[in-house]
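Student: One structure, pasted below without further comment.
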Amino acid sequence: MLLGGTVTGEYHSPAEWETLLTASRFRAITAPFTCRTPRQEIEAYCEIIRRHGVRIAEIGVWKNLLDPDPDQAKEAMEFAKGQLALGDELGIPCCVNIAGTSGPAGWDGADPSNYSEETYGRIISNVREILDTVRPSRTDYTLEPMPWMIPDGPDVYLQLIRDVDRPHFAAHMDFVNMICSPRRYLGATAFIEECFRKLAPYIRSTHIKDSAMDLTRLTSFFSECNPGEGGLDYVQILRIIDRYMPKDAPVLLEHMHTFEEYAAAYVYVEKKAMEAGVSIT
């Protein structure tokens, strides 16, 4: 697998970013630019990335296509199309967003409407519009799973892929986001294997992190945390990824806040890969 993440730290130019990239040891990264970045700057980043033999695994959208404000929803749609088009031009395999919400709790908020038939239909319509407009040939559009919106499990994701019915709609894997019940947490290894067994042919990028359930509370409370700080068995997780995914599949550390946190997480996963007998290239 190609282990990497988002290059994090203070930088003000592609050259300064290059120093962080080299120090990170990442072999796969998220795109450090968007379709709104000046063209010359995009080209500078791409040259650095080529020179170091690193792969851009995904380009993110992270906009709410279901925003209750029509102007904001329209802006999000145009940005999603722009990101997919840029990804396709550059050969980035995965353009990723979340489904979004029409509720008042923010772009990624939990709301009862997230599970309505109307919302499901709008998600399908949005994905189709993006793909039918851009018509990518090298990049797949994906939705990152979330604990409280579609898709929130492997079977739901498979059904969504069938319902969207477009060749360049694929899957983004974030198993921690789908570990949203005690049953899934306590049987996490089996659940993660189920996710990869069912979705592997469609997975274009994978996020890795850890999950912790607060056992002092009667009701369920889950916290996302860095690899090694939660309850997931990373030896088994890495074996699962290695079993179901290509040897050069990108696996990205996510949601660390500093360069040092990413570095520590990288070392932890590298160690567990050695224990698992899994190669990191």
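The values are calculated or read from the model by the stated rules, or taken from the named source; none is laboratory data. All of these numbers come straight from a predicted model, not from anything done at the bench. All Cβ positions, glycine included, derive from the backbone under ideal geometry; neighbour counts span all protein chains shown. Just so you know, the surface numbers come from the protein's heavy atoms only, side chains and all, with ligands and any DNA or RNA stripped out. Shrake-Rupley method; radii C 1.70, N 1.55, O 1.52, S 1.80 Å.
Student: Taking the Cα centre as origin and putting +1 on Lys and Arg beta-carbons and -1 on Asp and Glu beta-carbons, what dipole magnitude results for segment 33-114, to the nearest 20 debye?
Tutor: Rounded to the nearest 20 debye, it is 360 debye.
Student: With +1 on each Lys and Arg Cβ and -1 on each Asp and Glu Cβ, and nothing else charged, work out how big the dipole of segment 128-181 is about its Cα centre, in Debye to the nearest 20.
Tutor: 220 debye
Student: Restricting things to Cα coordinates, could you compute the convex hull volume per residue of segment 152-206 in Å³?
Tutor: About 67 Å³ per residue, rounded to a whole number.
Student: Between segment 83-97 and segment 120-134, how many Å separate their Cα centres?
Tutor: The distance from the Cα centre of segment 83-97 to that of segment 120-134 comes to 16 Å.
Student: Return a single number: how many Lys pairs in the chain, at a sequence separation of 8 or more or on separate chains, have alpha-carbon atoms below 24 angstrom apart.
Tutor: 10
Student: Among ASP233, ASP214, ASP111, which one shows the biggest mean-square fluctuation in a GNM of the chain, springs joining Cα atoms closer than 10 Å?
Tutor: Its mean-square fluctuation being the largest, the pick is ASP214.
Student: Dipole of segment 35-161 (Lys/Arg Cβ +1, Asp/Glu Cβ -1, origin at the Cα centre): which of CYS46, TYR120, SER137 lies farthest to the positive side?
Tutor: CYS46
Student: Another question, then. Quick one: pull the percentage of alpha-carbon pairs in segment 173-281 with a separation above 22 Å.
Tutor: More than 22 Å apart: 29 percent of the Cα pairs in segment 173-281.
Student: Which of LEU186, LEU131, LEU66 moves most in a GNM of the chain, Cα contacts under 10 Å?
Tutor: LEU186
Student: Here's another thing I want to ask about it. With unit charges on the beta carbon (Lys/Arg positive, Asp/Glu negative), name the residue among TRP148, CYS180, ILE59 whose Cα is farthest towards the positive pole of the charge dipole of segment 26-180.
Tutor: Going by the Cα projections, it comes out as ILE59.
Student: Right, another one. Tell me, what is a quarter of the convex hull surface for the C-alpha atoms of segment 95-184, in nm² with one decimal?
Tutor: About 5.9 nm², averaged over all directions.
Student: Which one, (i) 54, 47, 32; (ii) 53, 51, 31; (iii) 53, 43, 32, gives Cα extents along the principal axes in Å as derived from the coordinates shown?
Tutor: Here Cα extents along the principal axes in Å agrees with entry (i).
Student: Give me the percent of accessible area attributable to carbon and sulfur for the chain, probe 1.4 angstrom.
Tutor: 51 percent
Student: Given the options PHE196, PHE221, PHE33, state which has the largest fluctuation in a GNM of the chain using a 10 Å cut-off (strictly under) for Cα springs.
Tutor: The residue with the greatest mean-square fluctuation here is PHE221.
Student: Mind listing which GluC sites (Glu not before Pro) in segment 152-229 are in a DSSP loop and have 14 or fewer other Cβ atoms within 10 Å?
Tutor: Sparse-neighbourhood loop GluC sites (Glu not before Pro): none present.
Student: Distance between Cα centroids, segment 137-157 to segment 200-260: provide it in whole Å.
Tutor: With segment 137-157 and segment 200-260 each reduced to a Cα centre, they are spaced 16 Å.
Student: Report the charge-dipole magnitude of segment 74-160 in Debye, nearest 20, computed about the Cα centre from +1 at each Lys and Arg Cβ and -1 at each Asp and Glu Cβ.
Tutor: 220 debye
Student: Could I ask something else about it? Can you tell me the accessible area per residue over segment 161-225, all protein chains present, probe 1.4 angstrom, in square angstrom?
Tutor: 47 Å²
Student: Per-residue ellipticity at 222 nm for the chain, helices alone: DSSP H runs ≥ 4 residues times -39500 (n - 2.57), over residue total, nearest 500 deg cm²/dmol?
Tutor: Mean residue ellipticity, 222 nm, calculated: -14000 deg cm²/dmol.
Student: Taking Cα atoms of segment 1-115, Rg/Rh with Kirkwood Rh, to two decimals?
Tutor: Rg divided by Rh gives 1.04.
Student: Just the C-alpha atoms of segment 97-253: what Rg/Rh do they give, with Rh taken as the Kirkwood radius?
Tutor: 0.97
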